[in-house]
Amino acid sequence: MTRKERFDFVIHYFQEHAPNAETELLYDNPYQLLVAVILSAQCTDKRVNMTTPAIFEHYPDTKHLAKATFDKLFPFIRSISYPNNKTKHLIGMAQMVEKEFGGEIPHTVEELVQLPGVGRKTANVITSVIDKQPNMAVDTHVFRVSARIGLTVKATTPLATEKQLLQFIPEDLVHIAHHWLILHGRYICVARNPKCSECGLKPACKYYQNVVMKEEIKALNEKRRQSAAPAKEVKASAPKKKAPVKKAAKN
Ligand code: SF4
């Protein structure tokens, strides 16, 4: 299977099985999505979704959030990973949006990455989710799943993964392909013990063919060897016949 055929298989599979894949973060507008994505770094979407309703109630927009103090905002974020940094980033982000962007969340990657707490991945998520821009956000799931399937080859950084994926995924599908790969990594192609038996991508997956199938064949052979072993053991442990005693020859 060529790399192009591998991509085609994966894209067709997801188009059929996950045509409406989308972010699991809950939000109503670009401001809420930006807050949620900043909070989601190294944290589950589930945990973020438990936290954001109270934040959005107390700080409904960047205008309110820009005036928040660290001590007032921190308790809302305490249960999330890296709460100190994230509290500072949210306040800094809101202040910069107010000061530099007239209170509007910017819509380009180049502008978004200027905000505190916003890296390339976050900017790609915001622009692809809000405007369906063809920007591929590479998180740990996208990185791992792409490499396992063989969509990427020797990509050692998220940026290399991003570039390789963009070479093969049609521009109008990039925004949804990000969710396909994330959700597949979150629920099926998990980091430890991927659930290959449940996975529809097996025919196109390099990892399945090169690692899992070989292990399965090895295990099958071992089982066969073990089931054949008792007969041999019985034979090996059967009492040996005594050699006939030769009579002494008469002179
Ligand atoms: S076959 Fe296994 S390794 Fe390949 S994508 Fe599916 S779950 Fe991941």
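I'd like the full set of residues that are free of Cβ contacts under 8 Å to residues at least 40 places away in the same chain and either among the hydrophobic types (A, V, I, L, M, F, W, C) or not in a helix (DSSP H, G or I) (or both), limited to region 179-197.
Ile188, Val190, Arg192, Asn193, Lys195, Cys196
Take residues that are out of contact with any Cys (no Cβ under 7 Å at 6 or more places or on another chain) and crowded, with 22+ Cβ neighbours inside 10 Å and tell me which of the helices (runs of 4 or more DSSP H) falling wholly in region 75-148 contain 3 or more.
83-100, 120-131
May I ask you to list pairs of residues, at least six apart or on different chains, whose Cβ atoms are under 6 Å apart, with the first in region 198-215 being aromatic (Phe, Trp, Tyr) and the second being crowded, with 17+ Cβ neighbours inside 10 Å?
The qualifying pairs are Tyr207/Arg148; Tyr208/Cys196.
Being at pLDDT 95 or above and within 30 Å of Lys63 (Cα to Cα) is true for just one of Thr161, Thr122, Thr152, Thr156. Which residue is that?
Thr122
Every residue, every condition in (1) surrounded by 19 or more Cβ atoms within 10 Å (Cβ to Cβ); (2) modelled with pLDDT under 85; (3) within 16 Å of the ligand (Cβ to nearest atom), yes or no:
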residue	(1), (2), (3)
Ile176	yes, no, no
Ser197	no, no, yes
Cys205	yes, no, yes
Val234	no, yes, no
Lys240	no, yes, no
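Any residue that is within 16 Å of the chain's Cα centre (by Cα) and within 16 Å of the ligand (Cβ to nearest atom) - is there at least one of those in region 119-138?
Scanning region 119-138, I find no residue that is within 16 Å of the chain's Cα centre (by Cα) and within 16 Å of the ligand (Cβ to nearest atom), so the answer is no.
As an exercise: evaluate Val35 against (1) surrounded by 14 or more Cβ atoms within 10 Å (Cβ to Cβ); (2) under 15 Å from the mean Cα position of the chain (by Cα) and give the number of the one condition it does not meet.
Here Val35 clears every test but (2).
The values are calculated or read from the model by the stated rules, or taken from the named source; none is laboratory data. Note that the structure is predicted; figures quoted are calculated from it, not measured. No Cβ is skipped: glycine too gets one built from the backbone with ideal geometry, and neighbour counts run over all protein chains shown.
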